[in-house]
Structure formats: structure tokens, C-alpha cells
């Protein structure tokens, strides 16, 4: 029988017509601390509480855009996880905290059209997600708890051992095969330095990811073996074992390997990528790793290892996904930020945080969206504004349901666009109704004006939205300007260069600035003995295309004069050219010249911030925390900080870059973090 | 003549001199309202100007110096005076026209039934009839109309409505019944766009023969509509032009209306990259559908105004041009049909103001009467401080706070800077002058009144202050004796009588007919009020009977 989640929710709507909605009550405050042109699509998250979390908010599922604007929000009493999009369908697993879960298949009308369970009474399905192969078969991972006599290993005679089984089903949900882990692993394969096999409960494998990487093989990540293995589904034999005690590969370009890893995936280029939680690294530090595996010569070449800056240590959970455009999405377990999207070159595309409950077992980013109601178009181009008259567009909204559907409101990010409608707008069953979208960019800077309209339907237990891209033009005769900092003497050698444009800029050719071309547009030169020496740097551009940050590859030479050169070639969106500009600054002595990339286990967020910064530490030891500006002036100091986290209020200080110096009271060991204040 | 300080910094000379440029307040003044840049280059009509510069409803005096401001947080548009005598403006926040009396008191709101009226145009006739417009937005499959058209385009049509004094409709008209979307001027409208504003009417007025005239910017067309049937009588300009004679090449036009039975005036914005925008006046033979272009008057600076603009005929053949939004920030000009400029008002650098249109009125508010509007001090270097008194009379219905009284210029002081005036109250301000050195001194006493401090309503008044400091000698006294200020005058004038001897003042017409006789005790200043006389030139004979000293003055009285 087809379960109609949506119809059920509609009934609840009728019963709670005036109640405050779950969205009002529970939607978290989302902080986007960095945004440099991330991939299109929606982040799909299913945050759950940890057993010791005391927050009252229930677990929920939400889809948010690159600005943190939600398009879907649904709170639930049970845990949701394993979110996945295959074709037009959304899949997610849902079940009680320690019980068996099922995978639900949801169509674009939000109807549950299918349910998937593991076979048999005894195993429990946890953490997994729906993975079909090209034949329509699918694999599920189930846990297998059984009693075993471990006295031969010095353990208990009746220890409860946690194994797993990979079950393969055909299109008709018939169980085709089962691959039992207990038939293939030895209990001594596990990392006995961290896993106690003499205890009454032995989780010696801790399988945390199953990935169908071909029609004949699958990958499994085994956290407590520090191993990833590839299994032939036809024979049940290992194709290879990578990492841990039974490693068959020679590591190339990698001296540390990986451990306690999560979320193994096969990239489209054939490499494998996963999150190396790194509990056993010294010091523990988490990174994203990509290996190229040569199955003939049995070499594993480390292609890249991306660390979060500042370094993060995620002791459990977390993961990594490859996006459609090749970007990499990493999620950081219980740590902040919650997720970071990286460009393929390892630069940050976006970073997002939100309060508890915030532990997502999986986060994906896709352009999937429901069709409960749909706007008549995805983009409205209002053309050129005449300078004073509002422009109006009639946007039809179509209701695909059998009952009246209510549109309750809208959101835009700017005042340049708005909607005229008497909310709630009732869409008749399978019918249309217009809302009027108004374009009035009186207060907009000139040139290209854009926004996203989010049309909202906020029901008591379900929040749904659809987005329409809005654009228009406004006369602009003013050329853009750029302010370059630093432009003074005595700049710390660790400074970064910030180019702040008065309006969005792009290349003369009309091409947008992106993480690749922005590296080649600007020059940073050191003036050495009357000649210019190029200083290598990495550049990022923000999503609004108004800020470029040049981060020198190494600390700048002390007591040297530098020039930042912005050559011709940039224009605003109306085509007005930015005149070539340059500024000079000179560095002071090396007192504050500590590279922030070497920080230990500190987390600073949000960064950039508008005023309040949160700082958390790995170890709770007394510290002195000082905030300096780029001239080295002490602005703020906190002594004997013993808590695991503290808050720094920089809201009284102007925009710019600040240095946070953390000094261990006992050892006098210093770490320097950089914080950007931007409003 | 010695100017006491930088003439650009205030309007102090505007009442006595022409050919000057000034800013209507000190730059950087803390006042939130806009500052204007004024150039006076000829005799000024006795009218106040009405502007809506974005959020600020603005009234300026004849010299362009503001006398009233009111702020509308969501914006205000089209501040105009109607044939009925009403003043109206469009409040963007309310989405309706506010109807005001000459004291700017809002006494009515004009709405479009079930929606917002179009702010571009409104006309209230003496019999209370109201002509108004509204947008009528519809979805049109433009792919069936033009190649490449948007199948889901939104097209903005136009509705016209005339209602009687009781609000009952007497005429209604829809562009969907009379204009085709393809009538749009394709230099202005992209028919393949998602949003198409094919008419963009900006003026809907009655004609001298009782029909209606519609100006449609985006069709570059003037349309005469039969008031009884709604049928189109004729179309001028655009794709369906029916007129011959002089070439009709106006584009993106505004504010066409008849200023005589057959004389049509309009603001021709033109297209970018062509001629500057101009005022055009045509003689129209409506029977034979022939036109003759009488005048084409651009701004002397050759302004191009892509959007907005207005024109009105004033007394004595002068024209009031509203220059809309242009790169020079010029708001409006008074000119004549030879193209001579009398007054030019724009924004100061850094404050790019615009007004959709500008209107004028001969009525002046009487919220606060300041008397006199000019103080003249005559002093010698050995004199003590001189004092004179200005009376402020609150004739409004509200208690008014005088929130500032500030002298712009050297040598003068005022004894109070803040005061409360209850309705009907009179307050006397004492202005003192301490002679610093010999010479001529000029200053302006600027007074600001507000109903409440938190209200963004400002009533501005000014008193011109003049002083002459001389080294006392018989020769100087003779030279100063009988000096007349101001000349030309607008009613009141003052004559210097520096010695203590009584004098007789006789005012006569050029033909010698005596119209006024005054005996003056002598010392300082004699004030004459000639406002009861017709404008013209008069003789004033000043005679010291005892010493047989006689001086003949000639004064020009303007109104």
C-alpha cells in the first residue's frame, strides 16, 4: 500500500491550524562563515542528538541552500539518516535510536512509495543508505550481534560480538546473497591497542560505510581495523584489503596512513576518498584523504590530504562526499564547523555551522527538489529598471496535490525584490494561483541585481519551499573601487592581503571570478634591492564577488616592502572598468609571525565573524588568550581560561583581520589563529 | 560689492542679486533634508515649487530656497497642484494619493478601487472629478505575438478611471481594448522579455474640449480619447501616428497637455545617444491632423533625461521644466520660449536627487509668518550694537517648536535659538549687529520650525540681514541718504535715512499721480509697504523740508 506521508501531514494541518509550526520552533540558526562560490544545490542534513545532548529540539531533516535558507524542514521523533538521492527519488533511513531502521523511498510529491528492510529477524539495519547497482539490485548493511566464546583470545566465554552482514536483494526485494563478516575476519585483525577484546561486548570491526562501487564488488570501511576492503560479491572473496594489520598495499607519498576512518566512496576518477578521522595520529587530527589504488602493483598513492584550517579532530563519525561538479563536501561529526565544501584544489567553497542537535550521519548536496507545488518558471529576468517604477511579474504556482495547498509566505535576501500577495495564498487542487513578484532596486548598487525568491509553505509539521532565481539590471555609471589592506608599515609577516571591492566584479570577458582564475589575476611582489620578486600565494573570492583574499604560501619576509598590484581587466556587472590599482605595505619584525596552518587542536568559529567569535580547545589546560590587530596592538586578553571553550567579543572593533594568540600558561607554548571580522 | 563670505555657502544674496549660484544651506549641515544648488539668472516668478525628491516632499520659495520639507519613509512621488486648488502627493507606503490643503494638511486619500493607483498621474478638476490611472497586469503568451516571445510573459496594461466628486465612476477604459502589445516602441520595450510594460502611461488629463489626453512613454504616443465613448479620437507619434506637417520624432515622452485650444506642450525625453531631452510645443490642427513645431527647448547644458520629466506653463510665457533623473542632478528650471534660463535648481555634489516631476503654485502656506523678511542696519564705526526685532507668528493649527535659529554670515546675532509657539502665538526675536569694520554686511537668519522634534517635518523661514557700516562724515551721509532696498521689490521696501532729521516720503506713479505719503521722524530706516499697488515702476521722493534736501528714487515693484 502506498503510504502518503504528505496526505497525513495535511490532516495534521487541519487539526493544528493555528499552532506554532515546527519550523518556527526548531529551525536552527545557520551560520555561513565562508562562501566563495559553492556548487549549486541544497545541503541535505539529518541532524540527530547524541545520548548526552540535553537540547530539547527533536531530530530533524532539513534541506538548505548555499545561504542557509531552508527549502525543507521536518522534525521527527525517530532518528533519520542515510539520506540519498537516486534519480527522481529521495531515500532516507529512519528508525528508533538503537532499533532496526528501514529505508524509505520518497517521490517528488513526498509520498513514501517504497520501504526497504534487511532480511531476517536477527540483524538490524543501521547507518546504511540505499545503493542500487546497474541491474537494479541493491545492498544493505545490517548489524549482527551474536555471542561468542573468546577465551582463546583471553576474552569472555560469552562475549557479545558485533559483526555485520551485507545483504544483496534483487529488484523484487528477494534476498540474493549474504556476506557475513564473521566468515571473513579474525578477531585479532582489530587494533587491539584501542579495542579491548576481553570485554563483555566486543565491537572489533565497527563497519561504518558500505559502498557499491561496481555491479560485482563493494567497499566496506572498518573503523576498528583501520581498514577498507573491497569484496567480490560473486565469490565473497576479498579483492584487496587496504590499511590495518592485513594491508596489502604499499603506501606512496604517505608516511602516516589512516585510522578510524569513515565514509569510503569511489570518486568518478576511480580514486577512493574517505575521512581519515586520525584518532591514532600524533597529535590526533582529521583529514580528507584521496588515494589512487593500483590493484596490479598494489600501490596506494596519496593524491591529496586536505586538513581543515584550523585543524580539526573528529574522534567519531563525520564523512565526505563528492559533488556533481567535483567539489568535495566534508562533514565534521560533533565538531564546528558542521560542514565544509572544498573546491577540487582544496580551497574552501563554503563553511556552515548550526547549533545542536547537529550530528548528521550523512550530509549530501543535490539539486533534488519536491514537486508538491511548482512555480511556473525557475528564473525571472526583469530586464533593465527604468530608475523609478516598480516592475511586476505574475508568477503562477501550481498545486500538484488533491487538496487545497497553502502558501504561507516568502523570503528574499535583498529589498530589491518582494512579493505582493495576501498570505496564505490557497492553491486549488491541481490548480494555479498567481503571486506578484515586484522588482524595485532603488537602493541596489548599479549593474546586475540578483536574488533568490523562496516561496514558503509552513505547515505545523512540515516546512516546504520552492526557489526562483530573480535577476535584473540597473543603470550603473560608477566604476568599481578597491580597498586593499594592509597598506601600512609594521604589518606582521603572517598577514593576508584583503582586496575589498565596492561592488561585485568579474573579468572583462564577462567570466565570473572563481577559485581557479582568481589565483592569476593579482600580483604580490616583494621589493628587494630595487627589483620586484613575485610572492606566491593562493587566492579566494567570496560568493558575492566583492572580496578577494590573497594568502601567501609562506610567511612574508620580515622588514620588507611589498606591493599588491590589481591590474586592469576587472569590471563591474555593468561593464565599468576598475582602474589598475596598487598599494604598498611593509612588514615588521617576526614577533607575531607564526603560521596559522600549524595550529593544534583549536577550533575558531564563525570565521569570518560579525563580532562574536567562539574558540574551543582540545585540552582543558589553563591558557591566556589575547587578541591583537595587525599592528600588534593588544585589544583583548583573557587570563587563566580553563574551560573547553570561550567566547571573544570583537564587535566593538572595526572590520578586518585579527590575530588570536593562545598561550599555554604552563608551557608558554603559543599558537596564533587568524580571525576575520566582516559586517 | 564686498561679499561677506563664500557666496556658494548660503542663499543670502538671492533676494537682491541675480546671476548667482548658491547652495540652500551650509554643506555638511546636520539637517537631514536635501540641499539644493540654485542658479538664478533672471527675474523670478512669484510662485512656490513643489517637488518630491525620493522620500522628501519639498516646497521651495520663488528663489529655489526650501520652505517646507516632510519625510515619507517609504518614499513619496508626484507632488502637484491641481486645477481644483488641491495639492496631492503619492505616498508609496500607503499606495495612494494624499490630498492636502495649501497648509499641507492631509484631508483625504484617493485610492484605486481594490488596488493601488498608478503614481504617475492624477488630475482633480474644479468640479471634483478625478482622473486617475492604474496598472493592469496580465499573463500573455508572447510567443504567439512575436518571434522569440516569452510564453509566460507578464504584460502591464493600463486602466483609466474618471470618478465624480462622490467617487462614482463616470468613465473607465482599458488599454487591452484599444492598444495592441505590439504598439510598443521597440526602442524602449523588448517584446521578448519576461516583463513587458508596453504602455507606461504617465499623464492622463482633460482637454480644453472636455475629452481626455493620454501620454504613453513606451509607445511614444499621445492619444486623444473620447470622454463619452472611450474611442480613440486621434493618435500622435508612435507606430500609429495620424499627423502630418512637421516631423513628429518625439520618443519616450512625458506630460503632454494642451496649454491653449490648439497648443500642445510635452516633455520629449528622446532616445539615448540622440538629441538632448527637450520641451516641445506644437500648434495642432485637430481637424486636418496637421502639426507645426513651435518650439524645441533643451536645457542649455544639453541634458539627457532617459526617464521621468515634466513641463508646465507659468505666467508671462515662462515654462517650468522638470528634468527627472539625469546625470547632472538637475531637478528643474524656469525658462522662456527663447530658451533663456531664469532659475536652475539641482542637487549639490554627492547628493544625487531626482524628482519625477515638478509643479508650481502661486499660493504660499501661512504656517509661520515672519515679519519683516529683511532687516537693514546702518551703523557707523563709532556706534554701539544695534538691535532690531523680527516677529514670528504661528498661524498653523499646531504648536510649533522653533528648533533652530541660525545666522549664516558675520556680525549678526540672534537672541534665541529655540522656542515654543502655541497656535496663534507671536514671538519676537531680537537681532543684533555689532559693527566690526566699515563695509557692507549681509547674512541670512535661518529659522527652522517643527511640529514635534521627532517628526520629519520642517518649516523653514529666512530673514535677510543687511548692514552698512560707514565712517560718519557729511559726504557719506549724503551718499547714503535715501538708499533703497531691495530694488526691484516685491511689496515691502526700506529707505535709509541715516541722519536724525524728519523727512517726507512721497510715492507717485510715472505719470505723477501720488499714491502714498509718509512722514518719517528721521534716523535709520523708513519702511514702506507698496504691496497694495499694481506691479510697475514708481518714483519715491524723499524730502528733508528743513534743509531743503531732496532725493528722487525709482523703484520697480514686482509681484
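General remarks:
- Working note: Cα gyration tensor of segment A:441-491, eigenvalues times five, square-rooted, sorted largest first, giving semi-axes of 38, 21, 7 Å.
- Note on segment A:66-169: Rg/Rh from Cα positions, Kirkwood definition for Rh, rounded to two decimals, is 1.10.
- Long-range Cα-Cα pairs in the protein assembly as shown (distance over 65 Å), rounded percent: 28
- Largest first, the extents of the alpha carbon coordinates of segment A:115-255 on the three principal axes equal 45, 44, 24 Å.
- Shape box of chain A [Cα atoms, principal axes, largest first, Å]: 76, 68, 50
- Cβ-based exposure ranking for B:40, B:253, in which fewest neighbours within 10 Å come first: B:40, B:253
- Sequence-distant contacts, meaning Cα pairs under 8 Å at least 6 residues apart, place the relative contact order of chain B at 10 percent.
- Expected-Rg normalisation [2.2 N^0.38 Å, Cα atoms] applied to segment B:218-286: 1.11
- Legend: translational diffusion of chain B by Stokes-Einstein, Rh = Kirkwood radius over C-alpha pairs, 4 °C, 1.567 mPa s; D = 50 µm²/s.
- Two-site FRET efficiency, residue B:547 against residue B:438, from Cβ-Cβ distance with R₀ of 25 Å, rounded to 0.05: 0.50
- With the biggest extent put first, the Cα atoms of segment B:345-497 measure 55, 34, 32 Å across the principal axes.
- Using C-alpha pairs under 8 Å with a sequence gap of at least 6, the mean separation divided by the residue count of segment A:293-357 gives a relative contact order of 19 percent.
- If R0 equals 51 Å, the separation of the Cβ atoms of residue B:290 and residue B:534 corresponds to a calculated FRET efficiency of about 0.80.
- The ranking of A:649, A:59, A:334 by Cβ neighbour count inside 10 Å, starting from the fewest, reads A:649, A:334, A:59.
- Segment B:71-128: translational diffusion in µm²/s, Stokes-Einstein, Kirkwood Rh over Cα pairs, 4 °C, 1.567 mPa s: 113
- Helix-derived mean residue ellipticity, 222 nm - over chain B, DSSP H n ≥ 4, -39500 (n - 2.57), to 500: -500 deg cm²/dmol
- In the calculated pair-distance distribution of segment A:482-556, the portion above 19 angstrom amounts to 37 percent of the Cα-Cα pairs.
- Taking every alpha-carbon pair under 8 Å whose residues sit at least 6 apart, chain A reaches a relative contact order of 11 percent.
- Modelled spin-label separation between residue A:483 and residue B:105, with each label point placed 7 Å from Cα along the Cα-to-Cβ direction: 4.9 nm.
- Label-reachable residues, segment A:50-67, where backbone N falls under 17 Å from a point 7 Å from residue A:76's Cα toward its Cβ: A:50, A:57-64
- A viscosity of 0.890 mPa s and a temperature of 25 °C, combined with the Kirkwood radius over Cα pairs in Stokes-Einstein, give a translational diffusion coefficient for segment B:330-400 of 142 µm²/s.
- Rounded to 5, percent antiparallel among DSSP beta bridges of chain B: 95
- Note on residue B:351 and residue A:238: the model spin-label points, each 7 Å out from Cα along the C-beta direction, lie 8.1 nm apart.
- Taking 18 Å as the cut-off, the amide N atoms of segment A:390-428 that come nearer than this to a point 7 Å along the Cα-to-beta-carbon line of residue B:174 belong to A:394.
- When the alpha carbon gyration tensor of segment B:393-479 is reduced to an equivalent ellipsoid, its three semi-axes come out at 34, 12, 10 angstrom, largest first.
- Förster radius 22 Å - calculated FRET efficiency between residue A:396 and residue B:147, Cβ distance, rounded to 0.05: 0.40
- Across all directions, the average flat footprint of the convex hull enclosing the Cα atoms of segment A:174-302 is 8.9 nm².
- All C-alpha to C-alpha distances of segment B:384-428, sorted into 10 Å bins beginning at zero, yield P(r) values of 25, 48, 22, 5, 0 percent in whole numbers.
- Computed from the alpha carbon positions, the gyration tensor of segment A:436-572 leads to an equivalent ellipsoid with semi-axes of 39, 19, 13 Å, biggest first.
- Counting Cα-Cα pairs of segment A:373-418 in 5 Å increments starting at 0 gives whole-percent bin shares of 5, 14, 21, 25, 16, 10, 6, 3, 1.
- Chain A, helix-only ellipticity at 222 nm - DSSP H runs n ≥ 4, -39,500 (n - 2.57), divided by all residues, nearest 500: -500 deg cm²/dmol
- Listed by Cβ neighbour count within 10 Å, with the fewest neighbours leading, A:378, A:271 appear as A:378, A:271.
- Distance between modelled label sites at residue A:639 and residue A:667, nm, 7 Å Cα→Cβ extension: 2.3
Each reported figure results from applying straightforward, stated rules to the coordinates on display, with no laboratory input. This structure is a prediction, so every number in the text was calculated from the model and none was measured. Cβ: placed from backbone, ideal geometry, glycine included. Neighbour counts: every protein chain shown.
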